Amino acid sequence: MTIRLEDYETGAPPPKGHKKRLKALQKRLFHLQVAHIVHRRRAIIMFEGWDASGKGGTIRRLTRKWDPRYFEVYPIAAPTEAEKARHFLWRFWQRLPAWRNLSVFDRSWYGRVLVERVEGYASPAEWPRAYDEINAFEAEQIAANTPVIKLFMHIDQDEQDRRLASRLDNPWKRWKTGPDDYRNRAQRPAYLEAISEMLERTDTATAPWKILDANDKRSARLEALSYIADRLEANCPASPPPLDPSVAALAETAFGYSSDEG
């Protein structure tokens with residue numbers, strides 16, 4: 001099925017009571033992280049999207065209640081010289097989650113067919129073959145019982161311009177914008193072409209894309225967290241572990257603990 005980005009530009013506001021719903025989602029995501037820890041599961045959560053589309057803010061709300069020992073957020077920037085000397089997927093293999101862990105990517109291996117394609121960092125021989133390499137890479141993770149949850153945050157040009165201006169106006173947010181944002185903005189038609197082909201070539205049955213209308217940040221965050229929670233729950237039993245009788249016995253001896261269970 002063809003994915004049309006223009007279908008994700010309404011910027012509809014969130015439903016009434018969205019703050020309460022966000023808290024409920026964060027509690028659910030906390031329980032799901034615990035479930036992944038105790039059931040020895042893992043997952044990859046990956047965000048792509050335009051500059052200023054809200055990836056970082058969504059990730060902060062996603063991870064707000066998570067135990068930091070069992071997840072990692074990877075902000076993906078330009079590869080180092082050592083990484084350039086290897087296959088483009090090498091640096092992502094180094095960041096895959098161990099059992100009981102969740103890996104969150106703020107940008108990803110899709111840079112090969114986006115910024116590297118548009119900016120000419122990958123050759124005309126390199127980026128076209130990356131679609132098959134990426135699909136194979138993701139299929140390998142899924143075969144190892146590691147779901148790959150992919151989200152693309154879309155905003156239209158007017159909304160991006162408003163957010164870039166807001167960053168310039170706020171002295172504490174100016175660090176978040178720079179020359180790259182404006183070079184990318186000037187090449188929006190080329191990026192739209194690259195994104196469209198990326199979605200068409202890598203939206204698979206086992207690793208589908210979730211496109212988010214991010215013109216309203218609050219709505220996009222709710223939709224993203226809800227989608228991630230559903231995907232995590234599909235991969236892992238959502239129930240907590242039973243109380244270990246031996247641990248309960250130790251607690252009873254130590255301070256008179258008596259279980260309410262049973």
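When the criteria are applied in full, residue 223 meets the requirement of being in contact with a strand residue (DSSP E or B) (Cβ under 6 Å, 6 or more places away or on another chain) and free of Cβ contacts under 8 Å to residues at least 40 places away in the same chain. Starting from region 1-28, take each residue that is closer than 16 Å to residue 57 by Cβ and list its partners that are of a type in the set (Ser, Thr, Tyr) and at pLDDT 95 or above, counting only C-beta distances under 9 angstrom and pairs at least six apart or across chains. Partner pairs satisfying both residue conditions: 11/219; 14/219; 18/219; 25/226. Does residue 254 qualify as being at pLDDT 95 or above, loosely packed, with under 12 Cβ neighbours inside 10 Å and part of a loop (DSSP other than H, G, I, E, B)? Spelling it out, it is not the case that residue 254 is at pLDDT 95 or above, loosely packed, with under 12 Cβ neighbours inside 10 Å and part of a loop (DSSP other than H, G, I, E, B). A Cβ distance below 7 Å, combined with a sequence gap of six or more or placement on separate chains, defines the contacts here; from region 246-257, residues that are without any contact (Cβ under 8 Å) to a residue 24 or more places away in the chain reach residues that are in a helix (DSSP H, G or I) and among the hydrophobic types (A, V, I, L, M, F, W, C) in the pairs 257/248; 257/251.
Within this structure, residue 43 fails the test of being more than 17 Å from residue 153 (Cα to Cα) and free of Cβ contacts under 8 Å to residues at least 12 places away in the same chain.
Any residue in region 74-91 that is in contact (Cβ under 8 Å) with a residue 24 or more places away in the chain, outside any loop (DSSP other than H, G, I, E, B) and not aromatic (Phe, Trp, Tyr)? Yes, there is a match, as at least one residue in region 74-91 is in contact (Cβ under 8 Å) with a residue 24 or more places away in the chain, outside any loop (DSSP other than H, G, I, E, B) and not aromatic (Phe, Trp, Tyr). If you check residue 231 against the conditions, is it in a helix (DSSP H, G or I), modelled with pLDDT of 95 or more and farther than 23 Å from residue 11 by Cα? Taking the combined requirement at face value, the residue satisfies it.
Do the conditions hold for residue 40, that is, is it assigned to a loop (DSSP other than H, G, I, E, B), modelled with pLDDT of 95 or more and either in contact with a helix residue (DSSP H, G or I) (Cβ under 9 Å, 6 or more places away or on another chain) or surrounded by fewer than 19 Cβ atoms within 10 Å (Cβ to Cβ) (or both)? Here the answer is yes, as residue 40 does meet what is asked. Going by what's in this entry, would residue 18 be described as of a type outside the set (Asp, Glu), more than 16 Å from residue 224 (Cβ to Cβ), surrounded by fewer than 19 Cβ atoms within 10 Å (Cβ to Cβ) and out of contact with any Phe, Trp or Tyr (no Cβ under 6 Å at 6 or more places or on another chain)? So residue 18 does not fit the description; no.
Restricting attention to region 134-175, the residues being crowded, with 16+ Cβ neighbours inside 10 Å and over 14 Å from residue 207 (Cα atoms) number 9. Is it the case, given these coordinates, that residue 54 is under 20 Å from residue 155 (Cβ atoms) and at pLDDT 95 or above? In short, yes. Evaluated against (1) surrounded by 18 or more Cβ atoms within 10 Å (Cβ to Cβ); (2) closer than 30 Å to residue 133 by Cβ; (3) touching a Lys or Arg at 6+ places or on another chain (Cβ under 9 Å), residue 221 falls short on exactly one condition, (2).
The values are calculated or read from the model by the stated rules, or taken from the named source; none is laboratory data. Only a predicted model underlies this, so the values are computations on that prediction, with no experimental measurement involved. Every residue, glycine as well, gets a Cβ built from its backbone with ideal geometry; the counts of neighbours run over all protein chains shown.
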